Amino acid sequence: MKRRETHGSQGVAGAADRRLAASELRDELLRRMRTARLERSASLRALAVRTGMSPTLLVLVEQGKRLPSPRLASEWVETLDLPTDLAQAFVAWARLHHGGPEERIAAALVLDGWRRANLPAPRRTTIDESFVRERFAARFGAPATHIVVAPGRVNLIGEHIDYNLLPVLPMAIDRAVVVAVRERDDQRVRACNIDERHAPCEFELDARNVPDASGSWSSYLRAAASIVTSRLGEPRRGADLLFAGDVPEAAGLSSSSALVVGAVMALCAARGVELPREELMELCARGERLVGVQSGGMDQAICLGGRLDHAVKVGFAPLSLQPAPLPAAWRFVVAHSGVLAHKAGRAKDAYNERVRECAEALALLRRSALARPEADWRELLRIHGAEHLVALAERGLPPTLLRRSRHVLQEAARVEQAVLALACGDLSRFGALMDASHASLRDDYEVSCPELDDLAQLARDLGAAGARLVGAGFGGCVVALCEARLAQGLADELRERWQEPRQLPAWSVQVVRASDGASTRRVDAGPACRA
Ligand code: NG1
């Protein structure tokens, strides 16, 4: 597969690749500050003297290594008479570093707006879009009309609770499925994949188009086609599709949802239809269940609702998405255990078994808590709190159901605590919650494996603030949190000590960045999509 750039033995997460959000923004802000200062020939040094800023701090600020307090930043921008947007962004930047949790969230929103208006959009995938378009034209004899980019995700915390309708905290990542598409004037779907392990597939958009439960890539395409057909109705129109992607498969990074979301958006775009995002989230989740996993809606929601440099707290029934800015000094490293987490066969059965066990545990807990027959986990937690419910479970539930419910109840509490830790920029607290989540998934939910446990421990030993398995488990990746300055070193060590001895592919260890959700772009000059 052709990539836009190569990163030598470090795979896609090489050093040049990690020009991070924070420093890009800071550099651009400071560059513009300097230009504005020169233009107005105001003396920053004189200002610093007047406002009592120490010479050392001044030098650090000029080098972009430190920021003044919000009060000082406000004085600066006033004296320098900066354009309003630049002034607001600079003060927001200072607040992000020195303010309390609420101030930080407000500041992050201002900076996000400024960044979008002033900086080029960061890379969302290593896949070269023009290469995908060339291959499409060569394969189908006509150019694609649309390109869809649908990202994978890392779930930071809140594992195996989305299907219990409890909130989770994932982020979309800068690895994605890329789809080129063109509408056909018959009912045929022809799809191929740049990755030759996935054989081309063709089918008619008719009632026989029932997705199978094999978990093959074509079963996800059939699932996508079937929900688009039933949503859009007549006239049925097929499409030619070409897929490429750099979300590792069987890794717990949600390549299947990126595939389904990418296919659904591509089929809609080919028909000239743009559905509301919330509806797409629900549709895609329903579509993916056709392949046989009774999953929750986390993956489709974050794939569509991700936000650059933010985690998103996702709630269910009704869907709600609350972006939470990620501190500039945090990084997430993902590393593959080497055990493939294919969502087929035993892993699929084990997943669905957990869904059933949770339903049984909930029914018993409701009875013990004398709750309404309709009460869900959220209602029980609101009324009784996690601790009391765990005590009830310890008294009345059979051992397996006790363990499953203890995980669900405590993981839900951890998500709330993690959201707070994030708002306070408390790296070690967030890391400790990730560690506790892993222990619970290992001991109570029984979805880990020795390789995941060892790899998470290795990441901690190498300086990560916390590490946990990500996604459904039964293999796949761990995600580790660390300080930005340690991220490259941590990734290098994980390569040396885990990836290389096991001869795992280069993508097995990556520093990931929180990315925007899926998007469609028209690449020819035809009419715009209608809502
Ligand atoms: P993975 O295995 O990473 O695709 C699955 C489910 C999620 C969620 C997690 C566990 C699918 C499509 N997704 O994610 O809904 O339940 O497991 O938290 O099956």
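The values are calculated or read from the model by the stated rules, or taken from the named source; none is laboratory data. In this text the structure is predicted, and so the values were computed from the model without any measurement. When we count neighbours, we look across all protein chains shown, and the Cβ atoms used for this are built from the backbone with ideal geometry, even at glycine.
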Where Gly252 falls short, out of the listed (1) within 16 Å of the ligand (Cβ to nearest atom); (2) at positive phi; (3) free of Cβ contacts under 8 Å to residues at least 60 places away in the same chain:
(3)
Taking the range 424-447 and keeping only residues that are out of contact with any Ser or Thr (no Cβ under 8 Å at 6 or more places or on another chain), aliphatic (A, V, I, L, M) and closer than 14 Å to Leu156 by Cα, one is left with Leu427, Ala432, Leu433, Met434, Ala436
Among the residues of the range 234-247, how many are under 23 Å from the mean Cα position of the chain (by Cα), away from the ligand (no atom under 11 Å from the Cβ) and of a type outside the set (Gly, Ala, Ser)?
2
Look at the range 495-517 and say how many of its residues are under 30 Å from Pro120 (Cα atoms) and of a type in the set (Lys, Arg).
1
Taking the residues in the range 324-357 that are over 18 Å from Val470 (Cβ atoms) and at pLDDT 95 or above as candidates, determine which candidate is surrounded by the fewest Cβ atoms within 10 Å (Cβ to Cβ).
Arg356
Hand me the list of strands (runs of 3 or more DSSP E) wholly inside the range 297-393 holding 3 or more residues that are within 16 Å of the ligand (Cβ to nearest atom).
310-315, 330-336
Filter pass, Gly463 being within 16 Å of the ligand (Cβ to nearest atom) and at pLDDT 95 or above
no
Residue check: is Gly466 within 19 Å of the chain's Cα centre (by Cα) and surrounded by fewer than 24 Cβ atoms within 10 Å (Cβ to Cβ)?
no
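For Gly425, state whether it is modelled with pLDDT under 95 and touching a helix residue (DSSP H, G or I) at 6+ places or on another chain (Cβ under 9 Å).
Numbers: modelled with pLDDT under 95: yes; touching a helix residue (DSSP H, G or I) at 6+ places or on another chain (Cβ under 9 Å): yes.
Yes, satisfied.
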What are the residue pairs meeting all of these: first residue in the range 73-88, first residue farther than 18 Å from Arg31 by Cβ, second residue of a type in the set (Phe, Trp, Tyr) and assigned to a helix (DSSP H, G or I), Cβ atoms under 6 Å, and 6 or more apart or on different chains?
none
Filter the range 121-138 down to the residues that are under 25 Å from the mean Cα position of the chain (by Cα) and among the acidic types (Asp, Glu), then identify the one that is surrounded by the fewest Cβ atoms within 10 Å (Cβ to Cβ).
Asp128
How many residues are crowded, with 16+ Cβ neighbours inside 10 Å and at pLDDT 95 or above when one looks only at the range 263-276?
8
Answer from Val260, Val291, Val264 - the residue that is within 16 Å of the ligand (Cβ to nearest atom) and either more than 20 Å from the chain's Cα centre (by Cα) or assigned to a loop (DSSP other than H, G, I, E, B) (or both)
Val291
Suppose we filter Leu253, Leu242 for residues that are in a strand (DSSP E or B) and either farther than 20 Å from Ile302 by Cα or touching a Lys or Arg at 6+ places or on another chain (Cβ under 8 Å) (or both); which single one remains?
Leu242
